[in-house]
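Okay, structure first, notes after.
The values are calculated or read from the model by the stated rules, or taken from the named source; none is laboratory data. A quick note: this is a predicted structure, and the numbers were derived from the prediction, not measured. Don't worry about glycine lacking a Cβ; one is built from the backbone with ideal geometry, like all the others, and counts go over all protein chains shown. For the accessible areas, the whole protein counts, side chains as well, though only heavy atoms, and no ligand, DNA or RNA atoms are used. Shrake-Rupley method; radii C 1.70, N 1.55, O 1.52, S 1.80 Å.
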Amino acid sequence: MSESLSGRHIEIDWPELGITVTAELDGRNAELADALWEALPYRSLQGHALVAGEHLYHVAPIPALLHTPAETKIPDRRDAPDGTVFLSALQHLGIKYGTLTEPMPAAPVGRIRPEDLPALLEAGRAVWDSVYTTKRPILVEVRKAGAEGGHRIPHLTAADADANRLIHDVHAETERIWLTEPVELAELHRGVITSGAGSFDTVLPTLLFVNGETRPLGYASYGGLVRGAVQGMPMESLRHMTRLLVGVPAEFLGYCGLEPLWAFTQRFLACLDHLDRDDFLAVVSQIALYVNTLGAWNLHLYPWDTGDHLRQQRPAEVGQGS
């Protein structure tokens with residue numbers, strides 16, 4: 001590192017909102033913070049928590065997040081101060097900006113400076129409106145404070161020729177959809193489903209199943225394969241787990257319209273037996289970023305306000321209405 005662990009500052013900018021906040025990387029989880037620092041600058045689609053409360057997160061183009069262990073975790077992120085910046089093995093940079101309801105450990109790397117918390121709250125509310133109602137994408141740029149912005153998607157390599165071509169094509173597709181909605185998902189959310197998936201011409205059930213399959217495919221299956229490879233799982237076991245975990249959901253998603261994903265998966269399975277550990281890790285890391293990008297767009301495009309008439313009731317309210 002060229003700079004001390006603490007004292008490094010990043011700017012998180014939402015150009016569409018005219019809002020920029022500054023965070024200090026404060027020395028916690030140094031290896032994770034280094035991975036973030038070295039990846040800057042980048043841009044991403046800004047997302048918002050849908051079940052956890054007042055929390056912003058986006059996919060960060062940092063393969064190391066999938067496997068880098070956290071030295072320090074807050075046991076319950078609900079207790080973290082507003083403005084805490086987290087990095088996670090789901091390949092996310094997250095920011096708590098208010099009340100959270102989901103109790104889970106989280107790895108902090110820094111904190112938004114106090115004077116920027118009102119602007120952070122404003123950004124959080126605007127992003128929630130974007131994700132839940134308007135569907136107008138809000139992009140975020142993360143950069144070193146005072147430095148130029150920009151963007152790049154990491155491009156990994158493999159010695160095996162088939163694997164290297166696959167990585168190249170997955171990288172190109174990830175670049176194509178990183179800041180622009182994937183055509184296949186946009187069509188699906190408009191009700192254009194070539195296969196006819198959706199019983200009796202319905203669309204919402206298909207959207208629900210696509211969202212429900214894509215997120216765990218990226219977060220758990222590919223993220224788990226990356227961690228297994230880094231942690232020394234035998235290659236035969238990795239190949240076996242790959243066949244168990246990725247083929248069926250990818251084929252279903254292809255049927256629902258995500259044909260590029262299914263095509264990439266078939267190519268991966270076809271060359272799987274030829275890959276050594278380094279090549280396997282490069283392929284699954286590149287595909288994980290691609291699938292997590294699809295997941296982010298799914299979460300943005302999904303018509304969450306379809307269920308706006310459903311609101312939580314407290315136990316006392318249920319009793320009063322009976």
Discussion item. Out of the trypsin sites (Lys or Arg not before Pro) in the range 252-322, which ones are loop residues according to DSSP with at most 14 other C-beta atoms within 10 Å?
Written reply: Arg311
Discussion item. How many angstrom lie between the Cα centre of the range 149-188 and the Cα centre of the range 215-285?
Written reply: 15
Worksheet item: Roughly how many Å² is the accessible area per residue of the chain, as a whole number, for a 1.4 Å probe?
Response: 46
Fill in: In nm, spacing of pseudo-spin labels at Ala30 and Arg243 (7 Å Cα→C-beta vector)
4.4
Worksheet item: What is the local net charge at Ala33, summed over the other residues whose Cβ is closer than 10 Å to its Cβ (Lys, Arg +1; Asp, Glu -1)?
Response: -2
Worksheet, complete the sentence: Given Cβ charges of +1 for Lys and Arg and -1 for Asp and Glu, the option among Leu90, Ala80, Ile19 whose Cα lies farthest towards the positive end of the dipole of the chain is Ala80
Item to complete: Filter the trypsin sites (Lys or Arg not before Pro) in the range 126-234 to those in DSSP coil with at most 13 other Cβ atoms within 10 Å of their Cβ, and list the result.
Response: Arg152, Arg190
Discussion item. Give me the percent relative contact order of the chain, please, defined on Cα pairs under 8 angstrom at least 6 residues apart.
Written reply: 20
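Calculate, for Arg190 and His309, the FRET efficiency according to 1/(1 + (r/R0)^6) with r their C-beta to C-beta distance and R0 30 Å; round to the nearest 0.05.
Efficiency, from the Cβ-Cβ distance: 0.85.
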Discussion item. Looking at the chain as a GNM with Cα springs under 10 Å, which of His274, His300, His309 has the largest mean-square fluctuation?
Written reply: His309
Discussion item. Under the 0.36 nm per residue contour assumption, what length would be gained going from the current alpha-carbon distance of Ala172 and Ala316 to full extension?
Written reply: 46.5 nm
Worksheet entry | Stretchable slack from Ala263 to Gln231, in nm (0.36 nm times residue separation minus alpha-carbon distance) | 8.7 nm
Discussion item. Under 14 Å from a point placed 7 Å out from the Cα of Asn211 along the Cα-to-Cβ direction: which residues of the range 51-82 have their backbone N that close?
Written reply: 51-52
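Leu121 to Glu251: FRET efficiency via 1/(1 + (r/R0)^6), r the Cβ-Cβ distance, R0 56 Å, to the nearest 0.05?
About 0.85, to the nearest 0.05.
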Discussion item. Given contacts defined as C-alpha pairs under 8 Å and at least six residues apart, what's the relative contact order of the range 1-151, whole-number percent?
Written reply: 33
Item to complete: Take every Cα pair under 8 Å in the range 87-139 that's 6+ residues apart, average their separations, divide by the length, and report that relative contact order as a whole percent.
Response: 28
Discussion item. If the only charges are +1 at each Lys and Arg Cβ and -1 at each Asp and Glu Cβ, what is the size of the charge dipole of the chain around the Cα centre, to the nearest 20 debye?
Written reply: 380
Discussion item. For the chain, what does the helix formula give at 222 nm: sum of -39500 (n - 2.57) over DSSP H segments with n ≥ 4, over the residue count, nearest 500 deg cm²/dmol?
Written reply: -13000 deg cm²/dmol
Item to complete: Kyte-Doolittle cut-off -0.5, length cut-off 24 Å along the helix's own axis using Cα: show which whole DSSP H helices in the chain pass.
Response: 277-301
Worksheet item: Roughly speaking, to the nearest percent, how much of the chain's 1.4 Å accessible area is carbon and sulfur?
Response: 54
